[in-house]
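K.L.:
I have a structure I would like to understand better, so I am pasting it below and will then ask my questions one at a time.
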């Protein structure tokens, strides 16, 4: 711990976050801005005593939310993207943005901003497709098919949460009443809860969450396969998926060509160099705190700790 760090100031931290001009801050700002515009529309309609203000607001929302009906979607294809930035209730956007902020910061410790953009968008699309397919396939949803719409960033957020949780499964967070918990367990619990609460009042939302989570999991598998054979067996889709995120495939053990065994002297030299770099990183932490490390240094330290 760096004892020279300034005291915790949430307002200052929020100000610095929004001034950081990172992809994460832009995603939060876009979501909040759209929500403010929707609320402004509601207030103005009320102040000018518009008799059809409720129906006008519903029309705006339906124009941006993704419909379950395929014929309606055919004439509103943009909703596949606009719905993932659209919120109505204060609690809906508050919790989505908090989850996006918390796990987005962890995401950017290990992965890139480009990957975050793709995961957010593809996670939202996966959630929309899961929602649309479910409502058109399962008989229980047929009576509400024509009037059902989905909105919110939940599927995109779940994709980011799941992706980073399975990318660094041993990363821990401190939760009130639970203590330190690995984030992979948090992602699994969220997925299970979404599945078993489908019969509740927000079936479309829960199904969209599941679609986003599956996309996040596929993302991790596309950049971190468990064996060389997984590359050979999933060449087409996984190659395309990995290229989207700007990641070159790395086979376990480095190059696929056989390497000569290292001697004891070479092994000890490598270990000494590794320990020297660890000491330098720890010294940097003691002077400037953990946040002073680069992403590559954090990744190296995490791998060297034996948790990766």
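No value in this document is a laboratory result; all are computed from the given coordinates. Note that the structure is predicted; figures quoted are calculated from it, not measured.
K.L.:
Could you tell me whether segment 30-108 comes out rounded, prolate or oblate from its Cα gyration tensor? Rule is a ≥ b ≥ c as square roots of the eigenvalues, rounded for a/c under 1.5, then prolate if a/b exceeds b/c, otherwise oblate.
P.N.:
On the way: a/c = 3.12, a/b = 1.29, b/c = 2.42.
Oblate is the answer for segment 30-108, as a/c is 1.5 or above yet b/c matches or exceeds a/b.
K.L.:
So what does log10 I(q)/I(0) come out to for segment 13-224 at q = 0.08, 0.10, 0.13, 0.14 Å⁻¹, using the Debye formula with one equal point on every Cα and no solvent?
P.N.:
With no solvent term, the Cα-only Debye profile gives -0.29, -0.46, -0.76, -0.87.
K.L.:
Right, something else. Would you report the distance distribution of C-alpha pairs in segment 77-139 as whole percents per 5 angstrom bin, up to the bin with the largest distance?
P.N.:
All Cα pairs considered, the percentages come to 3, 15, 19, 23, 20, 12, 6, 2, 0.
K.L.:
Considering the Cα positions of segment 175-215, please state its Rg to one decimal place and its Dmax as a whole number of Å.
P.N.:
According to the Cα coordinates of segment 175-215, Rg and Dmax are 11.8, 32 Å.
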